[in-house]
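Q: Could you have a look at this structure, given as C-alpha cells, before my questions?
The values are calculated or read from the model by the stated rules, or taken from the named source; none is laboratory data. The model shown is predicted, which means the values in this text are computed figures rather than measured ones. No Cβ is skipped: glycine too gets one built from the backbone with ideal geometry, and neighbour counts run over all protein chains shown. Each accessible area value is taken on the protein alone, full model and side chains, heavy atoms only, with ligands, DNA and RNA left out. Shrake-Rupley method; radii C 1.70, N 1.55, O 1.52, S 1.80 Å.
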Amino acid sequence: MNSLRYDLHAHSTMSDGLLSPTELVKHAVRQRVNVLALTDHDTTEGVEEALLAANALGVIVVPGVEVSVTWNRRTIHIVGLNIDPHNGELQQGLAVLRRFRDWRAEEIGCRLEKAGIPGALQAAKRYAGGASIGRVHFARFLIEQDYAADMRAVFKSFLVKNKPGHVSGKWASLEQAVGWIRAAGGQAVIAHPARYRLSATQLRRLIGEFIESGGEGFEVVSGTHSHNDCCTMAMHAQRSSLVASCGSDYHGPGNPRIELGKVSPFPSGCTPIWESPRWRLYDSARGGYPLQSDLERWPRG
Ligand code: AMP
Ligand code: MN
Ligand code: MN
Ligand code: MN
C-alpha cells in the first residue's frame, strides 16, 4: 500500500514558474506532497537547489525536466522523471533548445515591436530574471501593460498561431527528447496529452512513435485536464500499456484551478509510474540510484 502523495509536474523560477525551487519545495510541504518532481521547461537548473531543500524538509524530490518537442509541426511536451541531471547527452540537448528559446525571444520582441508594442524583450528578460525566456514572460508584461486581462486572453490574442507575437517552434524531435531522457537514466512521459487537441487517430500515432522511441509514461492526470480528459487519457494509457503519471503543472500562486498537489486519483485500471519496474528515485547524496530496498531509509540517510 503506497499512501504517498505524488505531484510529478511543477515549475520554478528556473523556467516560467513564480516560486524558486526552495519556495516550491516549502509549498509542497504545506500541500502535503510527499514526492515532488521539478520539471522546468528545457532545463534542470533548479534541481540541485530543490534536492537540497527537500533533504532538509523531508520531501522526496524527483529530478525532472519538461522537454519541448516539435512533432508533426505541433509543439508537444515530454516530461522526463528521475533523470540524472549530470548526464552530458541530456544537457547538450537541452542547451540547444535554450539557444532556440533565446533566438525566439528576440524574434517575439521584434514582432511585437512591429505590432506597436515596444520594450517587450527587455521586460520579458526582467520577468525571466536570468532564466531562459518563455512566452509566459512576455505574457506577464502584456498583462501588466493592459494589453490583455489575463493569461488565457493574452495567449489567445498575441502568442499563438496567426497572432502578432507568434514564432513557430523548432524544438527537439520526439526521438531526441525520449533518447536524452533515457540516456540520463530517466523515464519519459507524454505531458498533458489532452491539451494538444489531437484526434484519437493522431493520438494513437503519437503514442506509437513515443513507445518506439522508448517512452513509457502518459500523464493521465494533469491540473490542465478536465475529469473527462482524465478518463479518456486513462483509456489510451491502458490500451497502449503506458504507465500513468499525475502532475498539477503548477506555475505558482494566481491560478486558482491549478494548485500544487491538487491531482485527482487515477481512474481504475491505471498502473502508476511509481509502480513500474524502472522507477528509481535519484539519490542526490550518492549521485546515483538507490536500490529499492534502500528507499525506506531515504532521504534521511
Ligand atoms: P513556451 O515553452 O515558452 O512556448 O511556453 C509554454 C508555456 O506557456 C506553457 O508551459 C504554459 O505555461 C504557458 N501557456 C501556453 N499556452 C497557454 C495558454 N493558452 N494559457 C496560459 N498559459 C499558456
Ligand atoms: Mn510553462
Ligand atoms: Mn507543458
Ligand atoms: Mn509544464
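Q: Run down ILE207, ILE211, ILE258 and say which single residue is in the same structural domain as ALA28 (by TED's automatic domain parsing) and part of a loop (DSSP other than H, G, I, E, B).
A: Sole residue among the options that is in the same structural domain as ALA28 (by TED's automatic domain parsing) and part of a loop (DSSP other than H, G, I, E, B): ILE258.
Q: Considering only residues that are within 16 Å of ligand 1 (Cβ to nearest atom) and part of a loop (DSSP other than H, G, I, E, B), which ones fall in the range 41-95?
A: Those that are within 16 Å of ligand 1 (Cβ to nearest atom) and part of a loop (DSSP other than H, G, I, E, B): ASP42, THR43, THR44, GLU45, GLY46, ARG73.
Q: Pick out the one residue from ILE108, ILE133, ILE78, ILE117 that is touching a strand residue (DSSP E or B) at 6+ places or on another chain (Cβ under 7 Å), open to solvent by less than 60 Å² (accessible area, probe 1.4 Å) and hydrophobic (A, V, I, L, M, F, W, C).
A: Checking each option against the conditions leaves just ILE78.
Q: Looking only at the range 5-24, count every residue that is touching a Phe, Trp or Tyr at 6+ places or on another chain (Cβ under 8 Å) and without any contact (Cβ under 8 Å) to a residue 40 or more places away in the chain and tell me the total.
A: Total satisfying the criteria: 0.
Let's see how each residue does on (1) in contact with a helix residue (DSSP H, G or I) (Cβ under 9 Å, 6 or more places away or on another chain); (2) within 14 Å of ligand 3 (Cβ to nearest atom):
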residue: GLY169; (1), (2): yes, yes
residue: ALA177; (1), (2): yes, yes
residue: TRP180; (1), (2): yes, no
residue: ALA191; (1), (2): no, yes
residue: ALA194; (1), (2): yes, yes
residue: LEU203; (1), (2): yes, no
residue: GLY214; (1), (2): yes, no
residue: THR224; (1), (2): yes, yes
residue: ALA234; (1), (2): no, no
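Q: Checking GLN202 against (1) surrounded by 16 or more Cβ atoms within 10 Å (Cβ to Cβ); (2) part of a helix (DSSP H, G or I); (3) in contact (Cβ under 8 Å) with a residue 60 or more places away in the chain, which test does it fail?
A: For GLN202, the exception is condition (1).
Q: Next question. Please list, ordered by first then second residue, the pairs with beta carbon atoms under 6 Å, 6 or more apart or interchain, first in the range 63-75 and open to solvent by less than 10 Å² (accessible area, probe 1.4 Å), second polar (S, T, N, Q) and more than 11 Å from ligand 4 (Cβ to nearest atom).
A: VAL65/THR44
Q: Still on this structure, I have one more. Going through the range 180-192 one residue at a time, which ones are open to solvent by 30 Å² or more (accessible area, probe 1.4 Å) and either of a type in the set (S, T, N, Q) or within 16 Å of ligand 4 (Cβ to nearest atom) (or both)?
A: Passing the criteria: none in range.
Q: Still on this structure: Scan the range 134-150 and tell me whether some residue there is within 16 Å of ligand 3 (Cβ to nearest atom) and among the β-branched types (Val, Ile, Thr).
A: Looking through the range 134-150, at least one residue is within 16 Å of ligand 3 (Cβ to nearest atom) and among the β-branched types (Val, Ile, Thr).
Q: Identify, by number, the condition in (1) of a type in the set (A, V, I, L, M); (2) within 16 Å of ligand 1 (Cβ to nearest atom); (3) open to solvent by 40 Å² or more (accessible area, probe 1.4 Å) that ILE211 doesn't meet.
A: Every condition holds for ILE211 apart from (2).
Q: Being of a type outside the set (S, T, N, Q), over 19 Å from SER173 (Cα atoms), modelled with pLDDT of 95 or more and open to solvent by less than 10 Å² (accessible area, probe 1.4 Å) narrows it down to one residue among LEU24, LEU90, LEU97; which is it?
A: Within the list LEU24, LEU90, LEU97, the selection yields LEU24.
Q: Among the listed residues ARG195, ARG152, which satisfies the condition of being over 30 Å from ILE83 (Cβ atoms), open to solvent by 60 Å² or more (accessible area, probe 1.4 Å), under 19 Å from the mean Cα position of the chain (by Cα) and within 14 Å of ligand 1 (Cβ to nearest atom)?
A: Matching residue, one of ARG195, ARG152: ARG152.
Q: Quick check on my filter: what residues within the range 242-301 are within 16 Å of ligand 2 (Cβ to nearest atom), modelled with pLDDT of 95 or more and either touching a strand residue (DSSP E or B) at 6+ places or on another chain (Cβ under 8 Å) or open to solvent by less than 80 Å² (accessible area, probe 1.4 Å) (or both)?
A: Selection gives GLY247, SER248, ASP249, TYR250, HIS251, GLY252, ILE258, GLU259, LEU260.
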